[in-house]
1. Using all C-alpha to C-alpha distances in the protein assembly as shown, build P(r) with 10 Å bins and read off the rounded percent in each one.
2. Tell me, what HN-Hα J-couplings in whole Hz come from the Karplus equation 6.51 cos²θ - 1.76 cosθ + 1.60 at θ = phi - 60° for each residue of region A:155-163, using x for Gly and Pro?
3. What is the mean number of Cβ atoms from other protein chains located within 10 Å of the Cβ atom of each residue in peptide B:152-159, rounded to a whole number?
4. Given label points at 7 Å from Cα along Cα→Cβ, what nm distances, shortest first, separate B:Asn93 from the same residue in every other copy?
5. Along the charge dipole of the protein assembly as shown, which of A:Gln136, B:Tyr164, A:Thr152 sits closest to the positive end, that is, farthest toward it, with unit charges on the beta carbon of Lys, Arg, Asp and Glu (+1, +1, -1, -1)?
6. Give, in nm to one decimal, the length gained when the segment between A:Lys55 and A:Asp20 is fully stretched (0.36 nm per residue of separation minus the Cα-Cα distance).
7. List the relative contact order of region B:105-154 as a percent without decimals, with contacts defined as Cα pairs under 8 Å and 6+ residues apart.
8. Could you pull out every one of the aspartates and glutamates with an alpha carbon less than 17 Å from that of B:Lys35, ignoring same-chain neighbours closer than 8 positions?
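Nothing in this text is a laboratory measurement; each read-out follows from the coordinates by a stated rule. In this text the structure is predicted, and so the values were computed from the model without any measurement. Note that we place each Cβ from the backbone using ideal geometry, even for glycine, and neighbour counts take in every protein chain shown.
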Protein chains: 2
Amino acid sequence: MKIILYMCITANGYIAKEDDNTNWISGEEWDSYSKMIRRAGCMVVGHRTYDILTKQPEFSELSAVKVVIVSNNKVTIISENHVIANNPASAINLLKDFDEVIIAGGGKLNSSFVVEGLVDEMYLDIEPLVFGKGIQLFSPADFENKLELIETNKLSKNTLQLHYKVLK
Amino acid sequence: MKIILYMCITANGYIAKEDDNTNWISGEEWDSYSKMIRRAGCMVVGHRTYDILTKQPEFSELSAVKVVIVSNNKVTIISENHVIANNPASAINLLKDFDEVIIAGGGKLNSSFVVEGLVDEMYLDIEPLVFGKGIQLFSPADFENKLELIETNKLSKNTLQLHYKVLK
């Protein structure tokens, strides 16, 4: 099984504004993200990302996808495809029949997976903007990972996708 | 005059570890940075970056460069080419005879320049690593800038340079 972190970031590493706003993410980026998740057939998100993502109209594209929400709080599940896990290892165990698993935010969830050395690859789609306050790709935690740049793709004139392998 | 922010970052937007460590920056990245600064003939840095940069042996490559340190504290100047300014506008005024000015960190200085709308272009060299705690490219502040991706360059197999125009 390959565990892939897939996130859209600003050029200075934010995944959302302080109020969770991600309306600066382009349609081309969403299409790439959606396609990758549908190919994998499953994704792992935190509670807050789940609540935001499932409220977006585009989420209907992902109706067949198995979603694992990592949370220790009560989560209101909106589909029978969606299940809850208490920690990263349990989430992965629930998805053991999949070849690829997409880790899709937010910053706290992303950190919990890299801290445990569970991420094999990262796709970082860089939108052409910077802002000064927001939610970081990885919420502050003790880890360090060297990466290998596998490839870069232009998703549009100004949006660049970096594809990295995590060296272990 | 063109004001260019030039920084090396991790794939998640840090410019240094918490203890100012930048030993993860590659020789190829330094060479690109050094060349750009020598071409411009001048650079602007914050007090902490000045103290760190001038202690590095490679700094001798930049001995002919005019350095403006933006600081309201006492700074120990090590060359007659180096001068102090109290704020971004004064720093730029001291460099009005140059065609290009390089803004070179740290995060607080970078933020002070973008908040005032002074940056025209950004070069972001992305080293192939992520770590979980450190100094952000821009210290948290209220600003937002849309960018246009001018070009990308590979500085080495795994180090990518993104060159952006700041849209105003």
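1. 5, 26, 32, 20, 11, 5, 1, 0
2. Working through the residues one at a time gives 7, 7, 3, 10, 10, 10, 10, 9, 10 Hz.
3. Neighbouring Cβ atoms belonging to other protein chains average 2 per residue here.
4. So the distances to the same position in the other copies read 6.6 nm.
5. A:Gln136
6. 11.3 nm
7. With pairs under 8 Å counted, the relative contact order is 56 percent.
8. The qualifying aspartates and glutamates are B:Glu58, B:Glu61, B:Asp99, B:Glu100, B:Glu121, B:Asp125.
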